[in-house]
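Heads up: the structure comes next, in structure tokens.
The values are calculated or read from the model by the stated rules, or taken from the named source; none is laboratory data. Everything numeric in this text was worked out from a predicted model, so none of it was measured. We place every Cβ from the backbone using ideal geometry, glycine too, and count neighbours over all the protein chains shown. For the accessible areas, the whole protein counts, side chains as well, though only heavy atoms, and no ligand, DNA or RNA atoms are used. Shrake-Rupley method; radii C 1.70, N 1.55, O 1.52, S 1.80 Å.
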Amino acid sequence: MRPTFLILCAFFILFGCGSDETPAPVKEMPNYFPDAIGSRWIYRNSDGSQWTREVGGEANIEGKDYRIFRDTPPLAEGELDFLNSTYYRVTPNSVIYTVSEKVTDYVKTELPKAAQDEFAGLELTVVVEPFTPPELIFFQIPLVPNFQWNALNIKVNGNIILQNLVLLQIPFEAHISVKAEVVAEVPLETPAGNFEKTYQIEYQTEITHTLFSEDETIQGKQTLWFAPHVGIVKSEDEHSVTELIEYSFF
């Protein structure tokens, strides 16, 4: 009987018999790219204006589940800014934006400008041929310095219609490519705090319009600083600098 009693006592002592202590809950580390609904980032632009980005919901596009970014106030559309997408998804090894709306809006806005000198005073309507919804590879997880990748490569075809007359139309092609590179791993100080490790990522965008059998190419560059488990903490292009000033996760 005594050996059994000793074994039972040892068992209860080992597993906390008579203890009033409750094990402390383990705090989970936020995702490498935080995407919980309700997560929020507040940014300040170089002109002093502020805006808030929040994960506001979910959507299913072409059979794929995406998170939805909601910006307050809404961001002004940038001519070459395909990185501020509304819809994104996080996979085990990458963060991906869908940019169908960005591509379509850009083509419909910019192509008439390229033809306005030839057809001044005429109504121009851009019709884009159906294309497979493109996805931009924002980055791969985890980030690695000096890594390069093709973030986006797509060709879009369509027609510019004059005066809404189908017989009066001009074909066009737009080739859009974005190349990305992790150029450095650096500490960074922002109004939101000091980050010991951020990854500086450069995105080179090149867009070529083919109209009237002539090519016109425009280029742009955007640099982002990304802190793992926090998100984008700074961005810079030829027009402005944006910094993170506050954030909260759920």
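For region 59-69, residues that are assigned to a strand (DSSP E or B) and surrounded by fewer than 13 Cβ atoms within 10 Å (Cβ to Cβ) total 2. Residues of region 111-125 that are touching a strand residue (DSSP E or B) at 6+ places or on another chain (Cβ under 6 Å) and either open to solvent by 70 Å² or more (accessible area, probe 1.4 Å) or modelled with pLDDT of 90 or more (or both): L122 alone. Against the condition out of contact with any His (no Cβ under 9 Å at 6 or more places or on another chain), modelled with pLDDT of 85 or more, open to solvent by 20 Å² or more (accessible area, probe 1.4 Å) and under 23 Å from K64 (Cα atoms), how does K108 come out, does it pass? For K108, the condition - out of contact with any His (no Cβ under 9 Å at 6 or more places or on another chain), modelled with pLDDT of 85 or more, open to solvent by 20 Å² or more (accessible area, probe 1.4 Å) and under 23 Å from K64 (Cα atoms) - is not met. Being modelled with pLDDT under 95, over 16 Å from the mean Cα position of the chain (by Cα) and part of a loop (DSSP other than H, G, I, E, B) is not true of A76.
Within region 70-88, restricting attention to residues that are crowded, with 19+ Cβ neighbours inside 10 Å and not hydroxyl-bearing (S, T, Y), which residue is farthest from N159 (Cα to Cα)? Step by step, filter region 70-88, then rank; the result is L83. The residue pairs whose first member lies in region 214-230 and is within 25 Å of A36 (Cα to Cα), whose second member is among the small types (G, A, S) and surrounded by 20 or more Cβ atoms within 10 Å (Cβ to Cβ), and whose beta carbons are closer than 6 Å, counting only pairs six or more residues apart or on different chains, are L224/S235. Scanning region 180-222 for residues that are aliphatic (A, V, I, L, M) and either open to solvent by 70 Å² or more (accessible area, probe 1.4 Å) or assigned to a strand (DSSP E or B) (or both) yields A180, V182, V183, A184, V186, L188, I201, I207, L211, I218. Of all the listed residues (S177, S248, S235), the sole one being open to solvent by 40 Å² or more (accessible area, probe 1.4 Å), within 19 Å of the chain's Cα centre (by Cα) and among the hydroxyl-bearing types (S, T, Y) is S248. Of all residue pairs spaced 6 or more apart or on separate chains, those with beta-carbon atoms under 8 Å, a first member in region 79-98 that is under 20 Å from Q219 (Cα atoms) and among the small types (G, A, S) and a second member that is modelled with pLDDT of 95 or more and open to solvent by less than 50 Å² (accessible area, probe 1.4 Å) are S85/F69; S85/Y97; S85/L136. Taken together, the residues in region 89-105 that are of a type outside the set (V, I, T), buried (at least 18 other Cβ atoms within 10 Å of the Cβ) and closer than 28 Å to P171 by Cα amount to 1.
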